[in-house]
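Take a look at the structure below.
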Amino acid sequence: MGNNITMSDLTPQRARAVIRRQRVLLVILVVALVVCVAGVVAARYVKSPAQQAAQQAPPPASVVTSPVVSQVLTQAVTVRGSVDVSSSLDVVNRLQVSPAIVTRLPVGVGSQVDTGTVIAEISGQPVFVMTGAVPAYRDMAPGDKGTDVEQLQRSLQAMNLLRTTTVGTYDSATAQAAGKLFTGNGYANPGLMPLGTVVFVPALPATVGSVATQVGADAGDPGLMTLDSGDPVVHATIPAGQETGVATGQSVTIRDEVNRRDGAGTVDSIGQFTPQQTDSSGVPSAPGFPVTVTVTSGVDASWVGASVAVTITMASTPAEVLSVPVAAVQTAQDGHTYVTVSDTSGTHDIQVTTGMIAQGVVEVTAATDGALQAGDQVVVG
């Protein structure tokens with residue numbers, strides 16, 4: 001006989017009492033579980049005012065530093081420019097022949113021509129280029145005198161065709177040398193230099209810039225060609241506000257980024273401010289101060305037409321100096337300037353004097369020798 005009691009053994013009143021106790025116990029368990037979960041949520045998401053203030057406070061300030069650098073400082077301005085020819089000469093036919101037909105064109109665009117080069121042939125007669133500032137304006141025949149004759153003689157001497165002569169006079173020696181020029185190029189000796197057989201160019205060698213005709217065309221319309229002579233020049237425009245300190249004679253670096261080549265030059269001239277203008281093609285020019293740069297090295301005729309970076313050096317330190325960002329230099333109440341150095345021991349101020357400012361950095365010299373060294377970290381913020 002056991003002690004196990006079932007619901008069937010209980011009276012109805014006792015059975016109802018047991019059920020009520022079970023329900024109460026279940027409710028207590030549910031409430032306890034809810035309270036536990038609420039505590040976890042509150043602990044995670046509900047913060048006291050002190051906690052909120054601590055979390056919303058800005059982070060502690062940090063020291064921003066930059067190293068002291070030993071370098072040569074340079075004050076320069078860089079602008080865009082273009083490489084152009086220093087002079088260009090339009091060659092037209094002056095030969096007194098009819099009809100005047102182009103029978104040969106031995107040169108083309110980009111060809112290099114020098115003293116004695118045949119650049120064209122008109123109705124079987126040659127056109128030579130020679131050096132001279134005065135254009136040919138007449139037939140040069142025995143007995144003629146003048147600057148044009150002297151220019152012809154110098155060119156004949158440069159070609160080793162003429163030795164001794166009466167300077168400025170078309171003498172027999174000059175006539176013989178001129179005859180050799182014709183026959184040496186396969187033409188009959190005309191006994192003089194007819195107008196149109198010589199084109200005087202201010203500087204040789206020169207480059208054929210363009211050709212305006214072709215074999216078989218009328219030599220009188222519109223012309224023959226253009227000859228570009230002299231060293232290339234660079235033209236640039238300095239925007240207003242950047243011209244301060246730019247002067248003639250300053251050194252210039254010329255950079256052709258497309259072809260990765262460099263040249264050098266000097267500032268030759270600085271013009272007055274020019275407002276924006278529009279050319280015949282509707283292309284506006286940049287307003288500013290026009291600058292012409294004379295080439296000293298590295299730039300030849302192959303650069304003509306290139307867009308280049310032009311860097312004009314206005315000043316530089318003679319040697320490496322200590323430099324820091326401009327923001328690192330502070331002024332004390334008594335007027336002296338100083339920088340703040342940060343190292344493992346903390347921060348400390350060093351009095352300095354300032355020098356050249358270039359590209360956001362300034363030259364500094366410590367009041368005490370050796371107090372500031374390259375590599376030291378100075379506070380900039």
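The values are calculated or read from the model by the stated rules, or taken from the named source; none is laboratory data. Note that this is a predicted model, so its numbers are computed, not measured. So basically every Cβ, Gly included, is an ideal-geometry build from the backbone, and we count neighbours across all protein chains shown. To get the accessible areas, we keep the full protein, side chains included, count just its heavy atoms, and leave off ligands, DNA and RNA. Shrake-Rupley method; radii C 1.70, N 1.55, O 1.52, S 1.80 Å.
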- Item | Options D268, D300, D262, D256: the member that is closer than 16 Å to G230 by Cα, of a type outside the set (G, A, S) and modelled with pLDDT of 95 or more | D268
- Item | Which listed residue is at pLDDT below 95, closer than 12 Å to P67 by Cα and open to solvent by 50 Å² or more (accessible area, probe 1.4 Å), from D343, D334 | D343
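Condition check ((1) in contact with a strand residue (DSSP E or B) (Cβ under 8 Å, 6 or more places away or on another chain); (2) open to solvent by 70 Å² or more (accessible area, probe 1.4 Å); (3) of a type in the set (A, V, I, L, M)) across all residues:
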residue	(1), (2), (3)
G168	yes, no, no
T183	no, yes, no
A188	no, yes, yes
M193	yes, no, yes
L204	yes, no, yes
G216	yes, no, no
G220	no, no, no
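Quick one: which of V215, V167 is at pLDDT 95 or above and closer than 23 Å to Q96 by Cα?
V215
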- Task: Output the residues belonging to region 291-330 that are under 18 Å from V68 (Cα atoms) and open to solvent by 40 Å² or more (accessible area, probe 1.4 Å).
- Result: A319, E320, L322, V326, A327, Q330
- If you take the residues of region 245-279 that are in a strand (DSSP E or B) and of a type in the set (A, V, I, L, M, F, W, C), which of them is surrounded by the fewest Cβ atoms within 10 Å (Cβ to Cβ)? A264
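This table checks each residue for (1) in contact (Cβ under 8 Å) with a residue 60 or more places away in the chain; (2) in contact with a helix residue (DSSP H, G or I) (Cβ under 9 Å, 6 or more places away or on another chain); (3) among the aromatic types (F, W, Y).
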| position | (1), (2), (3) |
| --- | --- |
| E121 | no, no, no |
| P135 | yes, yes, no |
| D139 | no, no, no |
| G143 | no, no, no |
| M159 | no, yes, no |
| R163 | no, yes, no |
| T166 | no, yes, no |
| T169 | no, yes, no |
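Scan region 126-137 and tell me whether some residue there is open to solvent by 40 Å² or more (accessible area, probe 1.4 Å), of a type in the set (A, V, I, L, M, F, W, C) and closer than 16 Å to L204 by Cβ.
Checking region 126-137: at least one residue is open to solvent by 40 Å² or more (accessible area, probe 1.4 Å), of a type in the set (A, V, I, L, M, F, W, C) and closer than 16 Å to L204 by Cβ.
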- Query: Among the residues of region 81-120 satisfying the criterion of being in a loop (DSSP other than H, G, I, E, B), under 39 Å from the mean Cα position of the chain (by Cα) and aliphatic (A, V, I, L, M), which is farthest from M159 (Cα to Cα)?
  - Reply: V85
- How about region 222-244: which of its residues are of a type in the set (A, V, I, L, M, F, W, C), surrounded by 18 or more Cβ atoms within 10 Å (Cβ to Cβ) and within 20 Å of V308 (Cα to Cα)? V233, V234, A236, I238
- Item | Matching residues in region 366-381 - criterion: being assigned to a strand (DSSP E or B) and either over 17 Å from P67 (Cβ atoms) or open to solvent by less than 60 Å² (accessible area, probe 1.4 Å) (or both) | A366, V378, V379
